[in-house]
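Here's the structure we're looking at; comments come further down.
The values are calculated or read from the model by the stated rules, or taken from the named source; none is laboratory data. These figures come from a predicted structure and were not determined experimentally. Note: ideal-geometry Cβ built from the backbone for every residue, glycine included; neighbour counts use all protein chains shown. Please note that ligands, DNA and RNA were not included when accessible areas were found on the heavy atoms of the full protein model with its side chains. Shrake-Rupley method; radii C 1.70, N 1.55, O 1.52, S 1.80 Å.
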Amino acid sequence: MSLTFHWFLPTNGDSRHVVGGGHGTPATAFGRNRPPTVAYLSQIARAAEDLGFVGVLTPTGAWCEDAWLTTAMVSRHTERLKFLVAFRPGFVSPTLAAQMASTFQRQTGGRLLLNVVTGGESHEQRAYGDFLDKDARYRRTGEFLQIVRDLWEGKTVDLSGEHLQVEDARLARVPDPVPEVYFGGSSPIAGEIAARHVDVYLTWGEPPAQVAEKIAWVRGLAAKEGRTVRFGIRLHVITRDTAEQAWTEAHKLLDGFDPDTVKSVQAGLARSESEGQRRMLALHGGNREDLEIHPNLWAGIGLVRGGAGTALVGSHDEVAERIKEYHALGIDEFVLSGYPHLEEAYWFGEGVLPRLAAQGLWQHPFAPTSAPAAQVPFTS
């Protein structure tokens, strides 16, 4: 089975520095260096498509541009790239969401993937008119996905749930193909929702031992439901011809972290209700020292950014080895990013992917079938 790689659309802005934001914290000023215009995001998307990334993730929240609208516009500038659109179930009715997804599939030729984000910050949810607590939001997500999946199957749905109610709901046209559902969450109820409803369970980039525990947990819950779930991981990457060059780039990013900004961001993230965010914070404890928490796994990004806070740092060969290490645990999909996103897409796509291809672990998803399986690895 070929590994699947996705890239990231920085709809909160891009820079040669880390652009913060997420989990209740605002995007930092560095996001103004490269504003998230359709032109710039399309440039990243076209690069990702050419390099062999299957899709691109777009985030959701008050700190970034709307994912649905942005990807709809960027899709017109690409041909085969898929869009992993993050959305929050509580902000739109399940019937309308199912209809939106169906329309997106038809208008893009089946290029939609859905990243369901329940929302771990009550104060941000309340700004959108959602006053449920965290566990209730997850229960609502379960009802939401039940309705949406039934509608996608062409069923007429009547449901009177704890949080959602629909009557005689149906779609005039079902999506073809049905979008795959991606989902992440580290709390007990999140595991239950994943086991019942999702196609791909995503984890942030924790050390392999912790990732293995998560995989075993969700896999066991899914088995009890008579289902199987695929697994993916969300990471940043800094990959260069040599390890020394890669770590130099990582240290440059760290040098750009203003102490007051780190303090402010860490205080904001400490208020997060997200179990996944708590686990991210525990990897560095707000400390600039000892940030390599596993060989080539660096926790520095999490000092100024909510959500995914770790990066694979090293030579192309080292990063390829770490990917193989996660794959051996059961990870088949990698959702990656790097600062700035245009340049880092090329570093990874031209440096790491050919090495994985040479080992039979990856093939370009858009290459002609007659094309060679691997190209000569990139070096500068």
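Quick rundown of the values:
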{"item": "Most mobile of Glu275, Glu167, Glu321 in a GNM of the chain (Cα contacts under 10 Å)", "result": "Glu167"}
{"item": "Stokes-Einstein D in µm²/s, Kirkwood radius over Cα pairs - region 53-105 at 4 °C with 1.567 mPa s viscosity", "result": "109 µm²/s"}
{"item": "The chain, helix-only ellipticity at 222 nm - DSSP H runs n ≥ 4, -39,500 (n - 2.57), divided by all residues, nearest 500", "result": "-12500 deg cm²/dmol"}
{"item": "Modelled FRET efficiency - R0 35 Å, Asp241 with Arg106, Cβ distances, 0.05 increments", "result": "0.20"}
{"item": "Vicinal HN-Hα couplings computed from phi for region 349-356 (Karplus, 6.51 cos²θ - 1.76 cosθ + 1.60; Hz; Gly/Pro x)", "result": "x, 9, x, 9, 4, x, 5, 5"}
{"item": "Using alpha-carbon coordinates, inclination of helix 38-51 to the longest axis of the chain, degrees", "result": "70 degrees"}
{"item": "Degrees separating the helix 316-329 axis from the principal Cα axis of the chain, which is the longest one", "result": "40 degrees"}
{"item": "GNM result for the chain, Cα springs below 10 Å: residue of Glu318, Glu153, Glu65 fluctuating most strongly", "result": "Glu153"}
{"item": "Cα-based shape type of region 202-324, given that a ≥ b ≥ c are square roots of the gyration tensor eigenvalues and the cut on a/c is 1.5", "result": "oblate"}
{"item": "Tilt relative to the chain, helix 188-197 - C-alpha long axis, 0 to 90 degrees, to 10", "result": "70 degrees"}
{"item": "The chain: most fluctuating residue of Leu145, Leu114, Leu159 per GNM, C-alpha cutoff 10 Å", "result": "Leu159"}
{"item": "Sulfur and carbon atoms: percent of accessible area, region 55-106 [1.4 Å]", "result": "53 percent"}
{"item": "Cα gyration tensor shape of region 1-135, rounded if a/c is under 1.5, else prolate or oblate by comparing a/b with b/c", "result": "oblate"}
{"item": "Accessible area (Å², per residue) of the chain, counting only protein heavy atoms and a probe of 1.4 Å", "result": "41 Å²"}
{"item": "Amide H contacts under 5 Å for Phe5, placed H, 5+ residues apart", "result": "Val54, Phe334"}
{"item": "11 Å beta-carbon shell around Asp199, net charge (K/R +1, D/E -1)", "result": "+1"}
